[in-house]
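Encoded as structure tokens, the structure appears first; notes follow it.
The values are calculated or read from the model by the stated rules, or taken from the named source; none is laboratory data. Computed from a prediction, not measured in an experiment: that's the story for all the values here. Note that we place each Cβ from the backbone using ideal geometry, even for glycine, and neighbour counts take in every protein chain shown. Side chains included, ligands, DNA and RNA excluded: accessible areas come from the protein's heavy atoms. Shrake-Rupley method; radii C 1.70, N 1.55, O 1.52, S 1.80 Å.
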Amino acid sequence: GWAGQSDAGAYAMLGLARRIGDPTMIERGQRALDWLAQAPFNDGGFLLNYNADNGQWKDQDPVSQGQAMEVFARAIVAGRGVSGVKTLRWEAFLKKACTLHARRILQPDWKPVNTAEAFFVSPLSKAFQLFGDAEYKLAAVKAGEYYARRHLDMREPYWGGTLDANCEDKEGAWAGFQAFLALYELTRERRFLDWAAHALDVTLTYT
């Protein structure tokens, strides 16, 4: 799926099964997320693209990883409220990804090239709420503050939040919006809400 979103369909099945009267969707969503949670890891996180012909995984980028982690976090929350759904594999996968990226972000030399890594902030925030690991919150706040310093005055626009652009773009601004809003929802600090409004205003200039 585009930008690591093949898990999004499986997540949606958990919520749609009851609405459309098809309980088999829950089992399909469970199986799909269980399978995706087997994605292999390296020092840069998890791989994203599975080739069914040769059984090999490849490709890696922060946008797709962050978006996939976000969907796994949402699927865990949704799955915990659905009878018969087992979220333990999804939780283990999300914890592994969040621990790796949180520790990387907390390193003193962490300095990402562009806004793409802002997509890690929301899943790290949700993972802190799910699992209580303080590293996740510390990393999320550090990343959010870092991107605010870079982009709020617009001397450097939000950029590089997409897979096919190396310039200012709406998805870079959206990455900032999602990150800042997640931090507001986590902390209720007004500054994060103000930053989210700024990033969304920038996003809307593209529509």
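Remarks
- Within segment 70-98, the set of residues being free of Cβ contacts under 8 Å to residues at least 40 places away in the same chain, open to solvent by 40 Å² or more (accessible area, probe 1.4 Å) and among the aliphatic types (A, V, I, L, M) comprises Leu88 only.
- Boolean, Gly161 is modelled with pLDDT under 95 and surrounded by 19 or more Cβ atoms within 10 Å (Cβ to Cβ): yes
- Residue-level check: of (1) in contact with a helix residue (DSSP H, G or I) (Cβ under 6 Å, 6 or more places away or on another chain); (2) outside any loop (DSSP other than H, G, I, E, B); (3) surrounded by fewer than 14 Cβ atoms within 10 Å (Cβ to Cβ); (4) not β-branched (Val, Ile, Thr), Arg149 misses just (1).
- Scanning segment 113-136 for residues that are touching a residue at least 40 places away in the same chain (Cβ under 8 Å) and either among the acidic types (Asp, Glu) or open to solvent by 10 Å² or more (accessible area, probe 1.4 Å) (or both) yields Val113, Asn114, Glu117, Lys126, Phe128, Gln129, Leu130, Phe131.
- Among the residues of segment 56-65, not a single one is closer than 29 Å to Gly172 by Cβ, among the hydroxyl-bearing types (Ser, Thr, Tyr) and touching a strand residue (DSSP E or B) at 6+ places or on another chain (Cβ under 7 Å).
- All positions within segment 41-60 that are within 21 Å of Ala116 (Cα to Cα) and surrounded by fewer than 16 Cβ atoms within 10 Å (Cβ to Cβ): Phe41, Asn42, Asp43, Gly44, Asn49, Lys58, Asp59
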